[in-house]
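Written out below as structure tokens is the structure these notes cover.
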Amino acid sequence: MNHVSSVVVGGGIGGLQAAHTLAKLGLEPLLLESRGSCGGLIFGAPIGGVWVDLGAESFAKRSVAAAELCRELGLEVVDPSGGSWLWSHRDGGFGVPIPHGVLGIPTDLDDPIVVGLLSEAGLERAREDLTMGPETGADATDLASLVVARLGGEVLTRLVDPIAGGVHSAHPSELAVDVVSPGLRQALAREGSLVRAAASLRASAPAGAVVSSAVGGLFTLPSALTARINELGGTVAGRRIVTAISRAGDVWEVTHHEAGRAPDPAYPPIPVGEPEVVTTDRLVVALDGRAALDLLRTVPELAIGDWKLPRGADLAQVCIVLDAPELDAGPRGSGLLVTPDAEGSERRVACKAITHYSLKWPGVVAGTGKHVLRVSYGRAGVPTPEPSLADALADASVLLGVPLAEDQVVGHAVIHFPNSLPPQTPAHRVRVAGLTERVAELPGFAVTGAWFAGTGLAAVIPHAERVAKELA
């Protein structure tokens, strides 16, 4: 058995930041990652000669932690270009800029965009929020219940569902308010209105866009973190699967194997060969939720039992690189989110969103003369999407108002994300709170990752840093 001062299991952004923090404190961590590279849902690849993000492409600015980490690693931070739009199927289909708000909750009910999106009855119902006092909806733990109680069902279906649902790939009824919008319920109690609460949160947020990224693509962040960990004396070991952890006296034993390919390449790697065991004084589990629960079940004190994560959405994305000068003007800004149902109208597109990536992040493709579109499919509770290049071009043509053809395509890729992003339901957060208490009782042990800390880099990065410092 080898003994090391710290071990991190999992090389997503939470594991990388935990290992980075431990390395800065001189603890020379060993990070074990089952795949050949780190980053989890943050990754990129060359498509049509252009390196682009194929997973997450930005981080929320409600926390400064992600931006500070980028700058610490020498990565320049940039806000997106162009505004975001919303596509409605009503009246034959139309697009409008997304109104100022928080996850679709408007900050001004007199905004002409909001007035145009709601019916007269829907707008009148929403205005009741301004006079009903803070008690209504105060005990709502999920986003949908809060919005319906305060603003009515139309605001939910026409604004909050396409925006919050598009961001988190889950219906707002499955999103815990305190996780997806920290401080919103407290602002409601203070302001006496959900609209004024949203306005208060936006006013206190950093200026400019609500998200940022790293110049050159967010996929540069995991690479920079990996390099820095190695520079500081840590070790990032790829293609290693941890199959068991246990407390042995004053140390933790971590059993790991070489990672082999599963029979179906869409499935995670599988352990092969003889096991190896390493002991450590400090252990961080930073796997994705399902793998984390499987591993944590090997620790009886954690009482994981039959806990299973909520089913995530089956998502797919078609990334297209084109020679299309007609897109130079950015006809729909940085892209559109699509309302999830047609509300009695004919559905003209099947996708849930489109990102005009090359306009949103122009530094990534500067000088190439090419345009990059990311066309996204899949919603929670619907069959797994199987979009083709032709499907994506047809949807993009409708949403952008510009006819696009296959002879303009210089490269494309279809990426699938099965059972992705388990929703942060209120029931899930209750179980996380209980597990947090049990983890705290085990010396030299910590858990982090999006399923545990909350969705997004704004939640994961500071959480991973904090638990690593506590272990140190």
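Please report how far the C-alpha centroid of region 39-60 lies from that of region 319-341, rounded to the nearest whole angstrom.
17
Could you sort out which of Lys24/Lys61; Lys61/Lys360; Lys61/Lys352; Lys24/Lys308 sit more than 27 Å apart by Cα distance in this structure?
Beyond 27 Å: Lys24/Lys308.
With no solvent and one point on each alpha carbon, what is the Debye value of log10 I(q)/I(0) for region 199-241 at q = 0.15, 0.20, 0.29, 0.32 Å⁻¹?
Debye curve over Cα of region 199-241, log10 I(q)/I(0) at q = 0.15, 0.20, 0.29, 0.32 Å⁻¹: -0.62, -0.75, -1.00, -1.06.
Quick check for me: using +1 on Lys/Arg Cβ and -1 on Asp/Glu Cβ, what's the dipole size of the chain about its Cα centre, in debye to the nearest 20?
Once rounded to the nearest 20, the dipole reads 480 debye.
How many Å³ per residue does the convex hull of the Cα positions in region 131-188 occupy?
In region 131-188, the Cα convex hull volume per residue is 71 Å³.
With all protein chains present, calculate the accessible area of Lys370 using a 1.4 Å probe and round the result to the nearest 10 Å².
50
Scattering from the C-alpha atoms of region 239-313 alone, worked out with Debye: what is log10 I(q)/I(0) at q = 0.20 1/Å?
The calculated log intensity ratios at q = 0.20 Å⁻¹ are -0.99.
Please compute P(r) over all alpha-carbon pairs of region 94-177, binned at 10 Å starting from zero, and give each bin as a whole-number percent.
19, 54, 26, 1
Whole number please: convex hull volume per residue of the Cα set in region 1-77, in Å³? Don't skip to the end; give the middle numbers.
Working: hull volume 9.4 nm³, N = 77.
In region 1-77, the Cα convex hull volume per residue is 122 Å³.
Radius of gyration and Dmax for region 399-461's Cα atoms, expressed in Å?
That works out to 20.3, 61 Å for Rg and Dmax.
On the principal axes of its Cα set, how long, how wide and how thick is the chain? Give whole Å, largest value first.
69, 58, 39
Gain in length, Asp250 to Ile270, computed as 0.36 nm per residue apart minus the alpha-carbon separation, to one decimal in nm?
Details: separation 20, 0.36 × 20 = 7.20 nm, distance 2.98 nm.
Length difference between fully extended and current span is 4.2 nm.
Per-residue ellipticity at 222 nm for the chain, helices alone: DSSP H runs ≥ 4 residues times -39500 (n - 2.57), over residue total, nearest 500 deg cm²/dmol?
-8500 deg cm²/dmol
So, R0 is 30 Å and r is the distance between the beta-carbons of Glu346 and Leu41; what FRET efficiency does that work out to, to 0.05?
Using R0 = 30 Å, I get an efficiency of 0.35.
So, in nm, how far is label Val215 from label Glu76 when the simple model puts each one 7 Å beyond its Cα toward the Cβ?
Between Val215 and Glu76, the simple spin-label model gives 0.1 nm.
With a point put 7 Å past each Cα toward its Cβ, work out how far Glu386 is from Ala227 in nm, to one decimal.
My value for the distance between the label points is 4.1 nm.
Using 5 Å bins from zero, what percent of all Cα-Cα pairs in region 206-335 falls into each bin?
Histogram of Cα-Cα distances, whole percents per bin: 2, 7, 10, 14, 16, 15, 11, 9, 7, 4, 3, 2, 0, 0.
How big is region 333-401 along each principal axis, measuring the range of its Cα positions in Å and listing the largest first?
43, 22, 21
Over region 171-238, what portion of Cα pair distances is larger than 18 Å, expressed as a whole percent?
The answer is 62 percent, as a whole percent.
For region 349-405 and region 177-252, what is the separation of their Cα centres, given in Å?
Taking the Cα centre of region 177-252 as reference, the centre of region 349-405 is 26 Å away.
Could you tell me, in Å, what Rg and Dmax come out for the Cα atoms of region 1-149?
So, for region 1-149, Rg and Dmax equal 22.7, 71 Å respectively.
Over the alpha-carbon set of region 286-381, divide Rg by the Kirkwood Rh and report the Rg/Rh ratio to two decimals.
Rg/Rh for region 286-381 comes to 1.19.
For the chain, what does the relative contact order come out to in percent, with C-alpha contacts under 8 Å and a separation of six or more?
25
Please give me the summed charge of the neighbours of Gln317: other residues whose Cβ is under 14 Å from its Cβ, Lys and Arg +1, Asp and Glu -1.
Values: positive: Lys352, Arg374, Arg379; negative: Asp53, Glu57, Asp314, Glu386, Asp391, Asp395.
Summing Lys and Arg as +1 and Asp and Glu as -1 gives -3.
Please express the shape of region 111-231 as an equivalent ellipsoid: the semi-axes are the square roots of 5 times the eigenvalues of the C-alpha gyration tensor, given largest first in whole angstrom.
Ellipsoid semi-axes (Å, largest first): 33, 16, 14.
If each residue of separation counts as 0.36 nm, what is the full-extension length gain between Ala237 and Asn419 once their alpha-carbon separation is subtracted? It would help to have the intermediate numbers written out before the result.
Working: separation 182, 0.36 × 182 = 65.52 nm, distance 2.62 nm.
Value of the extension gain: 62.9 nm.
The values are calculated or read from the model by the stated rules, or taken from the named source; none is laboratory data. Everything quoted here is computed from the prediction, not taken from an experiment. Glycine also receives a Cβ, built like all others from the backbone with ideal geometry; neighbour counts cover every protein chain displayed. Please note that ligands, DNA and RNA were not included when accessible areas were found on the heavy atoms of the full protein model with its side chains. Shrake-Rupley method; radii C 1.70, N 1.55, O 1.52, S 1.80 Å.
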